[in-house]
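Heads up: the structure comes next, in structure tokens.
Bear in mind that the values in this text are calculations on the coordinates, not laboratory data. No experiment lies behind these values; they were computed from the predicted model shown. Please note: Cβ atoms are built from the backbone with ideal geometry, for glycine as well, and neighbour counts cover all protein chains shown.
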Amino acid sequence: MIAFPRIDPVIVQVGPLAVRWYGLMYLLGFAAAYFLVRKQIAEFPSGAAAAPHDSSSAVLKGGESGNTAQITEYQHLDGLMFYLVIGVIAGGRLGYVLFYNLSWFLEHPLEIFATWHGGMSFHGGTLGALVAGYIYCRKFHLDFLLWADRFIVTAPVGLGLGRLGNFINGELYGRAADVPWAMVFPHGGNIPRHPSQLYEAALEGVLLFLILWPLRKKSWPSGRKTALFFMCYSVCRVIVEFFREPDAQLGFIFSGWITMGQLLSVCFMVAGIVLWVMAGRIESKPRNLAQRQ
């Protein structure tokens, strides 16, 4: 057994204001996404590698040149980041409320806004980001799936950092275990448990990044990288859930072994498969029309 490293969740506190490790991890995740998307814009201006079939995305209004197009894309990145931050936080919190503890929040509605008490859902945050990103792209007539692909290959960085934040907080710990690296968590009783947060950081963070980041150079139809993320994340999450202690207020929700995280991940898996197929069909349409003409 390994001793749990008791790290103060609060980095620094001045009066009622506190800077916490968990919040810092969110900030670092957003910053990483921003700079990695900027790198992609510099590498592939106007999504040249992501959407070779869509010639309309390579030229902006007025036939602007490549350099001007890049500048415009950088400006859109700033706007999109603002929308996505709001979407992730709002969606993550609402997802936790709806999926994990609705009855309690109905009795304590003001606690919905108390995000500093913990309680964020990855699945809800992803849906929130997708909705916010779609609203922005629709408003400015951008290729939503192209931008989704750009951001999604950076998502594992934020996921991995977020799981490290969970570990520092001693929350979302694993099930009872007798492995040599088991730990006794502050809020998990005196039972040695799997450090499932670290498993998730390794799978959802490191492994997914190693899979997805190199694929940014692949000339796939827009949307397929996002679809692959959904499918790969779902596999990783379903596996880790077998080592993670189910949420106390929910327990197992089906057959005595399926958790809410697994159920939501299966839904994401289905969505990823559907998106993968649809992205291929969207790409084939222009070619079929050209052949008919």
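Details
- Remark: the residue 190-residue 270 segment gains 24.9 nm on full extension, using 0.36 nm per residue and subtracting the alpha carbon distance.
- Per-residue extension of 0.36 nm, minus the Cα-Cα distance of residue 213 and residue 17, leaves a gain of 66.9 nm for this segment.
- Computed packing ranks the peptides 207-217, 249-259, 234-244 as 234-244, 207-217, 249-259, most packed first, by mean other Cβ atoms within 10 Å.
- With K and R counted +1 and D and E -1, the other residues having a Cβ less than 13 Å from that of residue 228 yield a net charge of +3.
- When each full DSSP H helix of the chain is screened for a Cα extent of at least 30 Å along its own axis and an average Kyte-Doolittle hydropathy of at least 0.0, the helices passing are 21-43, 66-100, 260-292.
- Here the spin labels are modelled as points 7 Å beyond Cα on the Cα-Cβ line, and at residue 3 and residue 282 they lie 5.3 nm apart.
- Distance-filtered residues of the range 127-161 - backbone nitrogen under 20 Å, label point 7 angstrom along residue 43 Cα→Cβ: 143-161
- Working from the Cα coordinates of the chain, the gyration tensor eigenvalues give, after taking √(5λ), semi-axes of 37, 21, 18 Å in decreasing order.
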